[in-house]
1. Is it the case that Ile363 is of a type in the set (Val, Ile, Thr) and away from ligand 2 (no atom under 15 Å from the Cβ)?
2. Out of curiosity, is Leu243 of a type in the set (A, V, I, L, M, F, W, C), within 15 Å of ligand 1 (Cβ to nearest atom) and either without any contact (Cβ under 8 Å) to a residue 60 or more places away in the chain or not in a helix (DSSP H, G or I) (or both)?
3. So which residues in the range 131-159 are in contact with an Asp or Glu (Cβ under 8 Å, 6 or more places away or on another chain) and surrounded by fewer than 16 Cβ atoms within 10 Å (Cβ to Cβ), if there are any at all?
4. Look at the range 372-385 and say how many of its residues are open to solvent by less than 10 Å² (accessible area, probe 1.4 Å) and either among the hydroxyl-bearing types (Ser, Thr, Tyr) or touching a Phe, Trp or Tyr at 6+ places or on another chain (Cβ under 7 Å) (or both).
5. Does Leu246 qualify as being over 29 Å from Ile417 (Cα atoms) and within 16 Å of ligand 2 (Cβ to nearest atom)?
6. I need the helices (runs of 4 or more DSSP H) fully contained in the range 254-350, keeping only those with at least 3 residues that are surrounded by fewer than 16 Cβ atoms within 10 Å (Cβ to Cβ), over 38 Å from the mean Cα position of the chain (by Cα) and away from ligand 1 (no atom under 16 Å from the Cβ).
7. Answer with yes or no whether Leu17 is in the same structural domain as Glu68 (by TED's automatic domain parsing), part of a helix (DSSP H, G or I) and modelled with pLDDT under 80.
8. Out of (1) free of Cβ contacts under 8 Å to residues at least 24 places away in the same chain; (2) polar (S, T, N, Q); (3) in contact with a helix residue (DSSP H, G or I) (Cβ under 7 Å, 6 or more places away or on another chain), what's the single condition that is false for Ser238?
Amino acid sequence: MIESTDPPSVIEELVDLSRVAETIQSQLDSFQARHERAGLVLPQDVLQGLRQFNAKLITLRESVTTIEVERRSLRVFAEIGHVVNSSLDLPTVLNEVIDTIIQLTGAQRVFLMLRNARDEMEIYVARNWERESLRPGEYEISRTIVNQVVQHGEAVLTTNAQEDPRFDSMQSVVAYSLRSILCVPLKAKDDLIGVIYADNRIREGIFTESDRFLLSAFANQAAVALENAQLFNDMSMSYDQTLEALVAALDARERETQEHTRRVVLYSMTLARKMGLSEDELIEIRRGALMHDIGKIGVPDAILQKPGPLTEEEWVLMRRHPEEGIRILQGIMFFEGAVDIIGSHHEHYNGNGYPRGLKGEQIPLYARIFSAVDALDAITSDRPYRKAQPFKVAYQEILRCRGTQFDPKVVDAFMTIDEQEWRALRAITLPRERGREPTMEAGGKRGETTR
Ligand SMILES: [Fe+2]
Ligand SMILES: [Fe+2]
């Protein structure tokens, strides 16, 4: 039911031409009637030719209308293709595109189903005409029609399922009062990966061949986008797994900070979420936190594993690790946001940090967030030269350094997070220490955080 709300002038001109032809024909007819008795007869082929001309005009008008509808479909389809391929946030894109399809076709509901690991068609997106997502209780569709499309790989279109002899034995069609249904396959290369199912349970005759054309074309686009998103996800996952393996190797080398990385990843994402950062930003923070000390790969074991305090020369080497980290990862697109943390996690808000002595908001936000949780974990974990301290001490210490070492805004957000929440996160990363709280009597030197 793709409507032509803005009729093209060529159709209007054809209508005008038909009218002119009809007028000429009726004038000739009456002329002939008036003069027949006087023996004046018009040649038969003139009238015949005129009738044929008029009939041809009508056919032409119908063809032009069809072409116009298809042209409009193609334009919409091109727009849809652009939207589908412009973003990797697939659920949002699919929702938007399906809303457009509903608007264009007059469907009440559209379902996008994908084949799951059990080889069943599972509903992935379900939208109604009010641009809302449907709840599982509203998933009343004809599974038989879906199965038919899956089996034959061909679209099924019915203008009134209630009276369609192909579906008269189907319970779902009767029980759910299904009427207009259009179901098309989603094919990626030669594989059928899912279907798109559109219906209207009130009106019959909603879908046309043009809708089938539009939906099938969209289905092909969607299948490609879904495959791309899947590939991107797989790639990101294997990247992350590789990173985690690399970081685990680094952590194993720096024995005293085992599990530290896993904790600061969780802590920094929690604090960033509290500060209202987006999901995309959280992904960058996660990568940055994971890799924050990657530059220590260049610090000798003798320094990294030294049980006591470092000498001034050793500190010089140790303080190179943020820049060394940047040097290793710079230019890799995957770490674009992460390098903010890697290069600046030892900067202090008042400019007394290293390596560049950046001040205030010169320090990237990710790094300002990260340095607070890096300190939190350092204080609440055992170090070779002192025992872990309770979370209360960490709160006091972080508050004490508000505006000096840490960004006041970050500290304020930090203070709104309950101690229980930090402890719960710590418990996730430390299964063997679950429930163990760093104790006060453990003691240790205050003010010493990370290196
Ligand atoms: Fe560091
Ligand atoms: Fe750290």
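The values are calculated or read from the model by the stated rules, or taken from the named source; none is laboratory data. Owing to the predicted nature of the structure, the values given are computational and were not obtained by experimental measurement. Reconstructed Cβ throughout: ideal geometry from the backbone, glycine too, with neighbour counts over all protein chains shown. Please note that ligands, DNA and RNA were not included when accessible areas were found on the heavy atoms of the full protein model with its side chains. Shrake-Rupley method; radii C 1.70, N 1.55, O 1.52, S 1.80 Å.
1. Values: of a type in the set (Val, Ile, Thr): yes; away from ligand 2 (no atom under 15 Å from the Cβ): yes.
When the stated conditions are applied, Ile363 passes them.
2. Numbers: of a type in the set (A, V, I, L, M, F, W, C): yes; within 15 Å of ligand 1 (Cβ to nearest atom): no; either without any contact (Cβ under 8 Å) to a residue 60 or more places away in the chain or not in a helix (DSSP H, G or I) (or both): yes.
Spelling it out, it is not the case that Leu243 is of a type in the set (A, V, I, L, M, F, W, C), within 15 Å of ligand 1 (Cβ to nearest atom) and either without any contact (Cβ under 8 Å) to a residue 60 or more places away in the chain or not in a helix (DSSP H, G or I) (or both).
3. Arg131
4. Residues of the range 372-385 that are open to solvent by less than 10 Å² (accessible area, probe 1.4 Å), as a first pass: 372-381.
After this cut, where a residue has to be either among the hydroxyl-bearing types (Ser, Thr, Tyr) or touching a Phe, Trp or Tyr at 6+ places or on another chain (Cβ under 7 Å) (or both) as well, the list is 372-373, 376-377, 380-381.
Number of matching residues: 6.
5. Values: over 29 Å from Ile417 (Cα atoms): yes; within 16 Å of ligand 2 (Cβ to nearest atom): yes.
Spelling it out, Leu246 is indeed over 29 Å from Ile417 (Cα atoms) and within 16 Å of ligand 2 (Cβ to nearest atom).
6. Numbers: elements: 260-274, 279-290, 301-304, 312-318, 321-329, 339-344.
Where helices (runs of 4 or more DSSP H) fall fully within the range 254-350, none carries at least 3 residues being surrounded by fewer than 16 Cβ atoms within 10 Å (Cβ to Cβ), over 38 Å from the mean Cα position of the chain (by Cα) and away from ligand 1 (no atom under 16 Å from the Cβ).
7. Details: in the same structural domain as Glu68 (by TED's automatic domain parsing): yes; part of a helix (DSSP H, G or I): yes; modelled with pLDDT under 80: no.
Answer is no for this residue.
8. Looking at each condition in turn, Ser238 falls short on (3).
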